[in-house]
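My questions will all concern the structure given below.
What follows draws every value from the coordinates through simple rules; no lab data is involved. These numbers were taken from a predicted model, which means no experiment stands behind them. Virtual Cβ from ideal backbone geometry, glycine too; neighbours counted across all protein chains shown.
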């Protein structure tokens, strides 16, 4: 599946989830899927929990986030020393 096809699986509509990017045809936000993955959820776990979700939707979330970060200047907060 091409990048354009993957990105096309993500939509933004001010009337759906307050305009957050969502997986087309769902109310699952990109940030929700990314947060679940970041906290250790497995792809298969998400696919079981949300039967309408496809592997390509998860890939689309990852690609969408990657593309969003390409044009973002980000300065991480200073790490505090462990005492």
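I'd like to verify a number: residues in region 4-50 that are closer than 11 Å to residue 64 by Cα and surrounded by 12 or more Cβ atoms within 10 Å (Cβ to Cβ), how many?
If we filter region 4-50 for residues that are closer than 11 Å to residue 64 by Cα, which is where we start, we get 4, 6-11, 21-23, 30-31, 34.
Applying the additional criterion that residues be surrounded by 12 or more Cβ atoms within 10 Å (Cβ to Cβ) yields 6-11, 21-23, 30-31, 34.
Adding up the residues that qualify gives 12.
Can I ask one more? Filter region 17-45 down to the residues that are assigned to a loop (DSSP other than H, G, I, E, B) and touching a strand residue (DSSP E or B) at 6+ places or on another chain (Cβ under 8 Å), then identify the one that is nearest to residue 63 (Cα to Cα).
Looking at the filtered set, the residue picked out is 21.
Continuing with the same structure: For region 9-20, enumerate the residues that are in contact (Cβ under 8 Å) with a residue 12 or more places away in the chain and under 13 Å from the mean Cα position of the chain (by Cα).
Scanning region 9-20 gives 9, 10, 11.
Determine, yes or no, whether residue 1 is free of Cβ contacts under 8 Å to residues at least 60 places away in the same chain and either touching a strand residue (DSSP E or B) at 6+ places or on another chain (Cβ under 7 Å) or not in a helix (DSSP H, G or I) (or both).
Working: free of Cβ contacts under 8 Å to residues at least 60 places away in the same chain: yes; either touching a strand residue (DSSP E or B) at 6+ places or on another chain (Cβ under 7 Å) or not in a helix (DSSP H, G or I) (or both): yes.
Against the criterion (free of Cβ contacts under 8 Å to residues at least 60 places away in the same chain and either touching a strand residue (DSSP E or B) at 6+ places or on another chain (Cβ under 7 Å) or not in a helix (DSSP H, G or I) (or both)), residue 1 qualifies.
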